[in-house]
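Readers should treat all values here as calculations from the given coordinates under stated rules, not as data from a laboratory. Here the structure is a predicted model, which is why all the values come from computation and not from measurement. Virtual Cβ from ideal backbone geometry, glycine too; neighbours counted across all protein chains shown.
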Amino acid sequence: MRLSNSVNHQAFIDVINKTCESTEAAVADVHHGATVMIGGFGNAGMPSALIDALIAQGAGELTIICNNAGSGETGLAALLKAGRVRKIICSFPRQSDSHIFDALYRAGKIELELSPQGNLAERIRAAGAGIGGFFTPTGYGTLLAQGKETRCIEGRNYVLESPLHADFALIKAYQGDRWGNLVYRKAGRNFGPVMASAAACTIAQVDEVLELGALDPEAIVTPGIFVQRVVREKSTCNA
Amino acid sequence: MQRLTREQMAARVARDIPEGAYVNLGIGLPTLVGNHLPKDREIILHSENGLLGMGPAPAPGQEDEDLINAGKQPVTLLTGGAYFHHADSFGMMRGGHLDICVLGAFQVSVRGDLANWHTGLPDSIPAVGGAMDLAVGAKQVFVMMEHLTREGASKIVAECAYPLTGVACVDRIYTDLAVLDVSAEGLIVREICEGLSFDELQKLSGVPLLSNIQK
């Protein structure tokens, strides 16, 4: 008995195509008040083209989950400057050139939820993995654990941290395919894989879209099940 | 007395990092330790943003924006190095897989409480990054700091005045004046800089010290 059916196989190929024509199309349905994860640590892994598209798209009252709170005048800093962000959940907002966030924060125009970096990553991972919360030693006995449940487990003190879900995740990868499989480049991987798993709709900006099968299955970092949209946008920084 | 310079402090810490160790060097003063690691030892540096086997800064013109350290400066990857995502990277810390991390500090208390992330001043913007994860995660936490503030106050204190990064997490303190171990009995002075007596160090430190000085 022959299991493969070339006609059905062809139909299947036509059904799954997560690639988008443009960054504008990729972010078109981000709604007012949405929670949006943005990947990147410094400029590595920062989905700059998707952030620019989000600024142009106009959605406001956003809750942003990102390690940093923008630097300079571009990218996330520009989104903040445009007044689109109600709240930011991050680990390290203060940087030498984070003046846009700093001014908004001091003026009381943006809410800040500070999370230790590893807790931030694990909260995102927990959401993607269906975990309802976890006890972590990080932050125990500090200001960032105030008001949170604690527990002593086998002689060590832990703090209960909650999962972080999002409506959208904007991430940057190196290569993708039309099924949404992704590989990253060097330290640009950072939050991409966990954010992809934690958002209802993950949009990946990639340098290259390859033919299905061109990515080595042993080397795929984010399997396509976690990715809804792939948009090619050759970044200017990876010369 | 001959206080250690910052480079001498870094060289002193580097001497205590053994062959085969997985090590995270924090931002600031601890980063200097990387310049003093013995070339004949294989020591694997971890960078919180997702690198093991981090190498030195690249030659001018060879910088890659996707290859940076926790301080967002360009670095290289050594042969045998690896990239991984943030949850894995912090799992390496929290899970106790790193042998040593070296952190800067505002203050350390006699029981090893660490304050290094926030001044707590009303107009300061809090930013924690990976400081709290590093403080609780590594098998050994080394602190590297000047012994005294510019005003001459001891940075080794009975109770930290700044908001804590971690509770009873520091194992060893390297200053420009001394090397001290945090123990259940109290702070044990292991080394002291040239020309400074234990009694003088005790007076400058303002907290009870125990002496077990090795020349």
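Quick look at the numbers
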{"quantity": "Max mean-square fluctuation residue, GNM over chain B, Cα-Cα springs under 10 Å, options B:Arg41, B:Arg12, B:Arg94", "calculated": "B:Arg41"}
{"quantity": "Student exercise, the range B:70-147 dipole from Lys, Arg, Asp, Glu Cβ charges, in Debye to nearest 20", "calculated": "120"}
{"quantity": "Which of A:Met37, A:Met46 has the fewest Cβ neighbours within 10 Å, and the rest in rising order", "calculated": "A:Met37, A:Met46"}
{"quantity": "Cα gyration tensor shape for the range B:152-215, rounded if a/c is under 1.5, else prolate or oblate", "calculated": "prolate"}
{"quantity": "Farthest toward positive dipole pole in chain B [+1 Lys/Arg, -1 Asp/Glu at C-beta], among B:Gly80, B:Ile125, B:Gly26", "calculated": "B:Gly26"}
{"quantity": "Student exercise, the range B:6-211 dipole from Lys, Arg, Asp, Glu Cβ charges, in Debye to nearest 20", "calculated": "200"}
{"quantity": "Radius, Kirkwood style, for chain B when every pair of distinct Cα atoms is counted (Å)", "calculated": "17.9"}
{"quantity": "Cα centroid separation, the range B:154-215 to the range B:64-140 (Å)", "calculated": "22"}
{"quantity": "Cut-off 20 Å, label 7 Å out along Cα→Cβ of B:Gln73, residues of the range A:94-114 by amide N", "calculated": "A:94-98"}
{"quantity": "Among B:Gly96, B:Gln107, A:Gly70 - extreme Cα towards positive end, dipole of the protein assembly as shown, charges at beta-carbon", "calculated": "B:Gln107"}
{"quantity": "Mean separation of Cα contacts under 8 Å (6+ apart) over length of chain A, as relative contact order %", "calculated": "22"}
{"quantity": "Ellipsoid semi-axes in whole angstrom, largest first, where each is sqrt(5λ) of the Cα gyration tensor of chain A", "calculated": "33, 24, 15"}
{"quantity": "Of all DSSP beta bridges in the range B:6-211, antiparallel share, percent nearest 5", "calculated": "55"}
{"quantity": "Average beta-carbon neighbours from other chains, 10 Å sphere, peptide A:118-126", "calculated": "6"}
{"quantity": "Among B:Val141, B:Val108, B:Val157: highest mean-square fluctuation, GNM of chain B, C-alpha pairs under 10 Å", "calculated": "B:Val157"}
{"quantity": "Cut-off 13 Å between beta-carbons: net charge of the residues surrounding B:Ile156, Lys and Arg +1, Asp and Glu -1", "calculated": "-1"}
{"quantity": "Net charge over other residues, Cβ less than 12 angstrom from the Cβ of A:Thr63 (K, R count +1; D, E count -1)", "calculated": "-1"}
{"quantity": "Sum of -39500 (n - 2.57) over DSSP H runs of 4+, divided by residues of chain A (222 nm, nearest 500)", "calculated": "-6500 deg cm²/dmol"}
{"quantity": "Unit charges at the beta carbon, dipole of chain A: most positive-side option, A:Gly45, A:Ile110, A:Gln228", "calculated": "A:Ile110"}
{"quantity": "The range B:68-189 - percent relative contact order, Cα under 8 Å, separation 6 or more", "calculated": "28"}
{"quantity": "Cα radius of gyration and Dmax for the protein assembly as shown (Å)", "calculated": "23.8, 90"}
{"quantity": "Under 5 Å, built H, 5+ apart or other chain: amide partners of A:Glu113", "calculated": "A:Ile88, A:Ile89, A:Cys90"}
{"quantity": "GNM flexibility winner over chain A from A:Ile203, A:Ile65, A:Ile16 (Cα, springs under 10 Å)", "calculated": "A:Ile16"}
{"quantity": "Long-range HN-HN contacts of A:Arg232 with modeled amide H, under 5 Å", "calculated": "A:Cys20, A:Val206"}
{"quantity": "Mean Cα-pair separation over length for the range B:6-211, i.e. relative contact order, pairs under 8 Å, 6 or more apart, %", "calculated": "17"}
{"quantity": "Placed amide H near B:Val207: partners under 5 Å, 5+ positions off or other chain", "calculated": "none"}
{"quantity": "Check: the protein assembly as shown dipole with +1 on Lys, Arg Cβ and -1 on Asp, Glu Cβ, in debye", "calculated": "380"}
{"quantity": "Radius 13 Å from Cβ of A:Ala107, net charge of other residues (Lys, Arg +1; Asp, Glu -1)", "calculated": "0"}
